[in-house]
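**Q** A single structure is presented below for examination.
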Amino acid sequence: MGYLVAAVALAVSFGLIQRAAQRRRGHYFFVAGTNYLVAALMALVWVAARGGWEASALTYWVGALNGVGFAVLIVLQYFMLGQRGVGVTFALGSLALLAPITVSLAVFGEPAKAVTLVGIALLVVAAPLIAYRRMPMLPAARVGLYWAVVVGLLGFTAGTLISWKVVSEITPATDRDAFVLATFAGATVTAGATLAIRRWREGPGPPLRPQGQAGALSWIPLPIVMGVGLGLCNVVQLWVFLAALGEVPGAVAFPVHSAGTVLLITLAGWIVWRERHGPVTLVGIAAALVGLVLVNL
């Protein structure tokens, strides 16, 4: 159970660091790129140590495309974090769990228990409730952009989860390390391109270390610390969660990890950044928490 608690803590830490980076705005995409670079380097060391290079071309291609999806997601999360805060952003992302569940049922013919179907129904109901937002007197284009980000967030998260399911079904277990490496490598390249395009369009970003910055770590620019922290959470969370699955049944690990992460991140957003949500959104988050538990039972 210790590994599972650690996995939840790392997932929550990732969300909180990402939210802090978003509030710095000008540094967010630098932090995102540093995150993926650190994760890719750690995955490279891991594959080299385990000798997991011998994977199929399909594994590498699907992993690279999965990484592109990761990098696009972190852009969409930037806008959603600014609009709705960390609680709604991560609660919405968790609803994409419907995608691999649907693929498991429809494509791979896995059986579904009645409690699973109830959980699926709750997740379907939760999605529009969480995304709901009163937007009086806003131009139609602004409203349309918001809902486009919501759909994109759900769609790209679903795509990455489906890729994990497909790889787990059609490739040998020895390919997993290469898949992780390809994922973070693809994300690094895409995030680097995103940062370069933004710098080309908007000019140089703010300095990484403001003049007169003080503190014990003043010699390390804070955006670099954030990026390294995100990268470590990214990779270590995966390893710790896999270790948790070796000790705790999946029927316990998955609902605790998903629901626990959403609940703690929502509470942290409420306490740290005073994020407030209307009754409709709160009902949606509650339905999502129950649904996340039921679909994993």
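The values are calculated or read from the model by the stated rules, or taken from the named source; none is laboratory data. Predicted, not measured: the structure shown is a model, and the values here were computed from it. All Cβ positions, glycine included, derive from the backbone under ideal geometry; neighbour counts span all protein chains shown.
**Q** For the condition among the hydrophobic types (A, V, I, L, M, F, W, C), crowded, with 19+ Cβ neighbours inside 10 Å and assigned to a helix (DSSP H, G or I), what is the one hit in V88, V115, V125, V103? Steps first, answer last, please.
**A** Values: V115 fails: crowded, with 19+ Cβ neighbours inside 10 Å; V125 fails: crowded, with 19+ Cβ neighbours inside 10 Å; V103 fails: crowded, with 19+ Cβ neighbours inside 10 Å.
Only one candidate passes the filter, namely V88.
**Q** Another one. Return the pairs, sorted by first residue and then second, in which the second residue is of a type in the set (D, E, K, R) and part of a helix (DSSP H, G or I), the first residue lies in the range 35-54 and is on the phi < 0 side of the Ramachandran plot, the beta carbons are less than 6 Å apart, and the residues are 6+ apart or on different chains.
**A** Final answer for the pair search is V47/D177; R50/D177; G52/D177.
**Q** Within the range 31-81, work out how many residues are over 22 Å from L161 (Cβ atoms), of a type outside the set (A, V, I, L, M) and under 16 Å from the mean Cα position of the chain (by Cα).
**A** Adding up the residues that qualify gives 2.
**Q** Moving on to the next point. I'd like to check something: does the range 135-151 contain any residue that is in contact with a Leu (Cβ under 8 Å, 6 or more places away or on another chain) and either farther than 24 Å from S56 by Cα or not in a helix (DSSP H, G or I) (or both)? Steps first, please.
**A** Step one: filter the range 135-151 for residues in contact with a Leu (Cβ under 8 Å, 6 or more places away or on another chain), giving 149-150.
This time we only want the ones that are either farther than 24 Å from S56 by Cα or not in a helix (DSSP H, G or I) (or both), so: 149-150.
Yes, the range 135-151 contains a residue that is in contact with a Leu (Cβ under 8 Å, 6 or more places away or on another chain) and either farther than 24 Å from S56 by Cα or not in a helix (DSSP H, G or I) (or both).
**Q** To continue, here is another question. Which residue is nearest to the chain's Cα centre (by Cα), if the candidates are limited to the range 159-184 and must be closer than 21 Å to L41 by Cβ and of a type outside the set (A, V, I, L, M, F, W, C)?
**A** If we filter the range 159-184 for residues that are closer than 21 Å to L41 by Cβ, which is where we start, we get 160, 175-184.
Remaining after also requiring of a type outside the set (A, V, I, L, M, F, W, C): 160, 175-177, 183.
Numbers: T160: 10, D175: 22, R176: 19, D177: 19, T183: 13 Å.
The residue in question is T160.
**Q** Is it the case that the range 129-143 has a residue that's surrounded by 21 or more Cβ atoms within 10 Å (Cβ to Cβ) and farther than 30 Å from V228 by Cβ?
**A** yes
**Q** Right, here's the next one. Before we move on, is V38 modelled with pLDDT of 90 or more and under 14 Å from A178 (Cβ atoms)?
**A** So V38 fails the test.
**Q** Residue pairs, Cβ under 9 Å, 6 or more apart or interchain, first in the range 284-297 and on the phi > 0 side of the Ramachandran plot and surrounded by 21 or more Cβ atoms within 10 Å (Cβ to Cβ), second among the basic types (K, R) and modelled with pLDDT under 90. List them.
**A** Matching pairs, first to second residue: none at all.
**Q** Would you mind stating whether E275 is under 27 Å from R25 (Cβ atoms), of a type in the set (D, E) and not in a helix (DSSP H, G or I)? Lay out the reasoning, then the answer.
**A** Working: under 27 Å from R25 (Cβ atoms): yes; of a type in the set (D, E): yes; not in a helix (DSSP H, G or I): yes.
Spelling it out, E275 is indeed under 27 Å from R25 (Cβ atoms), of a type in the set (D, E) and not in a helix (DSSP H, G or I).
**Q** Please verify whether the range 19-33 includes one or more residues that are of a type in the set (V, I, T), part of a helix (DSSP H, G or I) and either surrounded by fewer than 19 Cβ atoms within 10 Å (Cβ to Cβ) or modelled with pLDDT under 90 (or both). Walk me through it before giving the result.
**A** Step one: list which residues in the range 19-33 are of a type in the set (V, I, T), which gives 31.
Checking the rest, the ones that are also part of a helix (DSSP H, G or I) come to 31.
Filter once more, keeping what is either surrounded by fewer than 19 Cβ atoms within 10 Å (Cβ to Cβ) or modelled with pLDDT under 90 (or both): none.
No: zero hits.
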